[in-house]
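Note sheet for the following structure.
The values are calculated or read from the model by the stated rules, or taken from the named source; none is laboratory data. The structure displayed is predicted, hence computed values, not measured ones. Reconstructed Cβ throughout: ideal geometry from the backbone, glycine too, with neighbour counts over all protein chains shown. Ligands, DNA and RNA are stripped out before the accessible areas are found, and what is left, the full protein with its side chains, is counted by its heavy atoms. Shrake-Rupley method; radii C 1.70, N 1.55, O 1.52, S 1.80 Å.
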Amino acid sequence: MTKLDSTQPNGTPAWIDLGIPDLDRAMEFYGAVFGWEFDVGPEAMGRYTMCLVEGREVAAIMPNHDESATEFWWNVYFATDDVATTVSKAEAAGGQVVVPPMDVMDKGRMALVKDPVGAQFGLWHGQNHVGTRLVNEPNALLRNDLVTPDPGAARAFYASVFDFGLDSDGYLGDDDFTFLRRPDGHEIGGIVGDPAATSSAWGTLFMVDDADATAQRAAAAGGTAAAPYDMVYGRMAEIRDPFGTPFSVGAPKFGG
């Protein structure tokens, strides 16, 4: 299993969390879909709740107290060893600061940034909380990709901020897809150019054993699920939770 117990290199997706109107309803839904267990935080921490697989943190959910909020999404946080410096690089590359660098008690240091194409992401420097402690395993984070109608601007921004390498090997045919790679060559995600997209956003893909069964569980638990489909990497399904939060699940293709 892919267990993580130390901070990850700069630019690696290190953590995901979600703010929703009803924490209890969210735990009911995600528990049914992924079998997650939950460690509910105290009121003093806004009931920030850790989602666990085999006792390891894979994500967090928390109440969103903004009664006017109508859209909800999974936030992705990229690892950095210096939040302030990365924020400065993001601003110099055309990004906007949503939440300036701040300490999260003794857990770590964070910031929220919006890139030039309008997609929001977080930065995380882990201390006592390194971030996601299980990845690339069923019911845990598999990858994050940015979908945008303006891929050129996005490529320039993320290459400048994180020193990502950019390449496309044509494996996805004629689709406008760019792999994002750390300087050591490790693939951390990608940028999908979609002219039909009405906005730009980072997507979250969870690995599952069976995309069809997971989609069925999501629908039965009060979410919505589009018909699963096959792609070159495996079988996928697009899902929304009861609050309309989008995410994807994928059962990787092995062999053949």
Average accessible area per residue (Å²) across the stretch 49-175 - probe 1.4 Å, nucleic acids and ligands excluded: 45
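For the chain, what % of the accessible area comes from carbon and sulfur atoms, probe 1.4 Å? Show your work: numbers first, answer last.
Numbers: 5810 of 11810 Å².
Carbon and sulfur atoms account for 49 percent of the accessible area of the chain.
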Approximate spin-label separation residue 230-residue 166, in nm, with each point projected 7 Å along Cα-to-Cβ: 3.4
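Give, in nm to one decimal, the length gained when the segment between residue 24 and residue 103 is fully stretched (0.36 nm per residue of separation minus the Cα-Cα distance).
Working: separation 79, 0.36 × 79 = 28.44 nm, distance 2.72 nm.
Length gained, residue 24 through residue 103: 25.7 nm.
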Take residue 2 and residue 127, extend 7 Å from each Cα along the Cα→Cβ direction, and tell me the distance between the two endpoints in nm. 2.8
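Express the relative contact order of the stretch 1-85 as a whole percentage, based on alpha carbon pairs under 8 Å and six or more residues apart in sequence. Before the final figure, lay out the partial values.
Working: 125 pairs, mean separation 35.4, N = 85.
Computed over the stretch 1-85, the figure is 42 percent.
Any chance you could run the full-extension gain for residue 96 through residue 216? It's 0.36 nm times the residue separation minus the Cα-Cα distance, nm to one decimal. It would help to have the intermediate numbers written out before the result.
Details: separation 120, 0.36 × 120 = 43.20 nm, distance 3.89 nm.
Length gained between residue 96 and residue 216: 39.3 nm.
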Loop-resident chymotrypsin sites (Phe, Trp or Tyr not before Pro) in the stretch 156-239 with no more than 10 other Cβ atoms inside 10 Å, DSSP not H/G/I/E/B, are 171
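Can you give me the relative contact order of the chain as a percent, contacts being Cα pairs under 8 Å and 6 or more apart? Kindly include the intermediate steps, with their values, before the conclusion.
Values: 615 pairs, mean separation 48.3, N = 256.
That works out to 19 percent.
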At residue 39 and residue 159, where each label point lies 7 Å from the Cα along Cα→Cβ, what is the point-to-point distance in nanometres? 4.1
For residue 140, residues with placed amide H under 5 Å, excluding near neighbours: 207
Interatomic Cα distance distribution for the chain, bins of 10 angstrom, percent: 7, 31, 39, 21, 2, 0
From zero up to wherever the largest Cα-Cα distance of the stretch 1-132 sits, split into 5 Å bins and tell me the percent of pairs in each. 2, 10, 18, 23, 20, 16, 9, 3, 0
So for R0 = 25 Å, FRET eff. of residue 184-residue 209 from the Cβ-Cβ r, to 0.05, ends up at 0.25
Order these peptides, 122-132, 61-71, by their mean beta-carbon neighbour count within 10 angstrom, highest first. 122-132, 61-71
Summed residue charge, Cβ within 11 Å of residue 9's Cβ, Lys/Arg positive, Asp/Glu negative: -2
Length gained, residue 65-residue 85, 0.36 nm per residue minus C-alpha separation, equals 4.1 nm
Can you tell me, using C-alpha contacts under 8 Å and at least 6 residues apart, the relative contact order of the stretch 43-171 as a whole percent? 23
